[in-house]
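Down below is the structure, laid out as structure tokens.
The values are calculated or read from the model by the stated rules, or taken from the named source; none is laboratory data. The model shown is predicted, which means the values in this text are computed figures rather than measured ones. Glycine also receives a Cβ, built like all others from the backbone with ideal geometry; neighbour counts cover every protein chain displayed.
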Amino acid sequence: MWAVIAVGTAPLLLGGALAYLAGAFGLRESRRLRRVGVPARALVRHPPAGPDDLPGEARPLLQFATEDGRIVEVFSPVPSSRSHPLPDGREVLIAYDPADPRNVLVRGRERYWPEYVLLALGAAAVLAGLTLLAVPR
């Protein structure tokens, strides 16, 4: 009986631990980019819509120059929204990783809630799995 409970809770414990670690890594990366990222101005560009694309579905592209003069174009890590639109041709402030300029943070539009949700769900799953292991049958 104990082996069945332990094997049944293993996916809950493992999944919870992975979700927690993913949230912690995302928060760490965002904070690191805020701290050591190189500030730059990026031009917002919308890619041409394909025949299967819905309007407003695609994330805009951000085009910017690095300190060494390279032109980099990456998809925006945040989508355009009604409250914070990213219209074509607008400039936004970003911070990029000097070691990997494709890693970008759009200043003033940081979204930490997905990472906090992963942290909370991961912690809840691990606690539920540990509770299932601890409750005598």
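Scan the stretch 96-111 residue by residue and report those that are in contact (Cβ under 8 Å) with a residue 60 or more places away in the chain and surrounded by fewer than 18 Cβ atoms within 10 Å (Cβ to Cβ).
Asp97, Pro98, Asn103, Arg107, Glu110
For residues that are part of a strand (DSSP E or B) and not β-branched (Val, Ile, Thr), tally how many sit in the stretch 69-107.
7
For the stretch 10-43, give me each residue that is more than 17 Å from the chain's Cα centre (by Cα), closer than 14 Å to Ala125 by Cα and surrounded by 12 or more Cβ atoms within 10 Å (Cβ to Cβ).
Correct list: Ala10, Leu12, Leu13, Leu14, Gly15, Gly16, Ala17.
Looking only at the stretch 112-137, which residues are surrounded by 13 or more Cβ atoms within 10 Å (Cβ to Cβ) and of a type in the set (D, E, K, R)?
Glu115
Which condition number does Leu14 fail, the rest of (1) more than 24 Å from Leu119 (Cβ to Cβ); (2) modelled with pLDDT of 90 or more being met?
The single condition Leu14 does not satisfy is (1).
In the stretch 61-88, what count of residues is obtained for those that are at pLDDT 90 or above and of a type outside the set (Ser, Thr, Tyr)?
14
Can you tell me which residue within the stretch 89-107, out of those that are of a type outside the set (Lys, Arg) and farther than 16 Å from Glu29 by Cα, is modelled with the lowest pLDDT?
Gly89
Is it the case that Asp88 is closer than 21 Å to Arg35 by Cα and more than 14 Å from the chain's Cα centre (by Cα)?
Considered against the rule, which asks whether it is closer than 21 Å to Arg35 by Cα and more than 14 Å from the chain's Cα centre (by Cα), Asp88 comes out as no.
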